Amino acid sequence: DQQVKQNSPSLSVQEGRISILNCDYTNSMFDYFLWYKKYPAEGPTFLISISSIKDKNEDGRFTVFLNKSAKHLSLHIVPSQPGDSAVYFCAARVSGSARQLTFGSGTQLTVLP
Amino acid sequence: SQTIHQWPATLVQPVGSPLSLECTVEGTSNPNLYWYRQAAGRGLQLLFYSVGIGQISSEVPQNLSASRPQDRQFILSSKKLLLSDSGFYLCAWGASASFRAFGSGTRLTVV
């Protein structure tokens, strides 16, 4: 049972346009959400996060939106750059559980020059 | 600053052979350490979790085992590899309850 789902395995966007990566979750106990970025043959690196008490967090070109009623979060990248091409994982944490994060299956973003 | 080292980067092993992947963390003490596996279309699956020396929690039943002989060392092992053990293995340490810092990963191919 996948509690965190990224239903789009891939996304292609033109350079300069907006990239929107989506993530849905089923566990209402999740209270903290993260996005990780992964290049081939490298470990994931932390990108941005959001607490469930917020609905938006922005860091430069990256903005994460959280819709708790829909159990949905999204990552917006504006403007998209070729260097943004990577696999993006969303992850979620249950309140009080330091043991693990639950990761989605990832979305391969390709930014076309 | 904290750094995490994981090796080897790639490994090709025959079925039935043993496995030992090593991970070390620098710049922190008593870290929470994790082993993940990335399988195609499955995201990052947590395999093992350790809060201290000799303390290992297994998250999924499998052919693998983990050990933590030293505070900043985490080892993933198998006595006999299966074809299904192929994958991309990632070591991570818990910089906080929420944050994970990952190593560069090991691509294991069992042939």
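The values are calculated or read from the model by the stated rules, or taken from the named source; none is laboratory data. The structure displayed is predicted, hence computed values, not measured ones. Note that each Cβ is placed from the backbone with ideal geometry, even for glycine, and that neighbours are counted across all protein chains shown.
Output the residue which, of all residues in segment B:71-102 that are in a loop (DSSP other than H, G, I, E, B) and at pLDDT below 90, is surrounded by the fewest Cβ atoms within 10 Å (Cβ to Cβ).
B:Ser96
When segment A:18-47 is examined, which residues are found to be surrounded by 18 or more Cβ atoms within 10 Å (Cβ to Cβ), in contact (Cβ under 8 Å) with a residue 40 or more places away in the chain and not in a strand (DSSP E or B)?
A:Pro44 - this is the single residue of segment A:18-47 that is surrounded by 18 or more Cβ atoms within 10 Å (Cβ to Cβ), in contact (Cβ under 8 Å) with a residue 40 or more places away in the chain and not in a strand (DSSP E or B).
Of all the residues that make up segment B:67-111, how many are free of Cβ contacts under 8 Å to residues at least 24 places away in the same chain and either within 14 Å of chain A (Cβ to nearest Cβ) or in contact with a Cys (Cβ under 6 Å, 6 or more places away or on another chain) (or both)?
4
Identify all residues within segment B:1-35 that are touching a residue at least 60 places away in the same chain (Cβ under 8 Å), within 17 Å of B:Phe99 (Cβ to Cβ) and hydroxyl-bearing (Ser, Thr, Tyr); write none if there are none.
B:Thr28, B:Tyr34
Quick one: in segment A:67-113, of everything that is more than 10 Å from chain B (Cβ to nearest Cβ) and touching a Cys at 6+ places or on another chain (Cβ under 8 Å), which residue is surrounded by the fewest Cβ atoms within 10 Å (Cβ to Cβ)?
Filtering segment A:67-113 for residues that are more than 10 Å from chain B (Cβ to nearest Cβ) and touching a Cys at 6+ places or on another chain (Cβ under 8 Å), the one surrounded by the fewest Cβ atoms within 10 Å (Cβ to Cβ) comes out as A:His72.
Regarding segment A:48-66, can at least one residue be identified that is in a loop (DSSP other than H, G, I, E, B), away from chain B (no Cβ under 12 Å) and acidic (Asp, Glu)?
Scanning segment A:48-66 turns up at least one residue that is in a loop (DSSP other than H, G, I, E, B), away from chain B (no Cβ under 12 Å) and acidic (Asp, Glu).
Inspect all residues belonging to segment A:19-40 and state whether any of them is modelled with pLDDT under 90, within 14 Å of chain B (Cβ to nearest Cβ) and at positive phi.
No: zero hits.
In segment B:27-51, what residues are part of a strand (DSSP E or B) and either at pLDDT 90 or above or among the hydrophobic types (A, V, I, L, M, F, W, C) (or both)?
Passing the criteria: B:Leu33, B:Tyr34, B:Trp35, B:Tyr36, B:Arg37, B:Ala39, B:Leu44, B:Leu46, B:Leu47, B:Phe48, B:Ser50, B:Val51.
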